[in-house]
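Bear in mind these aren't lab numbers, they're just calculated from the coordinates by the rules spelled out. The shown structure was predicted, so the numbers you read here are calculated from the model rather than taken from an experiment. Neighbour counts are summed over all protein chains in view; Cβ atoms, including those assigned to glycine, are modelled from backbone coordinates with ideal geometry.
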Amino acid sequence: MRSRFGSRGGGEIKDLTAEFGRGLSERNLEQMRRFYTGWPISQTPSAKSSIYTPRFPLPWSHYVRLLSVENPEARAFYEAEALRGGWSVRQLDRQRCSPPSIA
């Protein structure tokens, strides 16, 4: 039996949107799948501790933009810099598209 979330066609995805509301379009589900496979999620005992430390502190829109960065090291760099600098999504886009500064 195939999962409702598999690649059986757009009809299944549209049914999810109709049944559960916004946010479950085929495009958004594909982005969620890419995010899940693109960022490691720790399952160590320390990750399950009662002290809550957000693993993904940036808004979802930032991670959607970072999905287009193919190189994992570059993606981690832009994620860290966006967090450190408090970049908006537009600032993140500008930084990704501009050549590196030479100091």
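Each label was represented as a point 7 Å from its Cα along the Cα-to-Cβ direction; for residue 83 and residue 36 these points are 2.2 nm apart. Here the Karplus curve 6.51 cos²θ - 1.76 cosθ + 1.60, taken at θ = phi - 60°, turns the phi angles of the range 66-82 into couplings of 5, 4, 7, 7, 6, 6, x, 5, 5, 4, 5, 4, 5, 4, 5, 5, 5 Hz, with x standing for Gly and Pro. Plainly put, the range 55-103 has a radius of gyration that is 0.93 times its Kirkwood radius, both from alpha-carbon atoms, as the Rg/Rh ratio.
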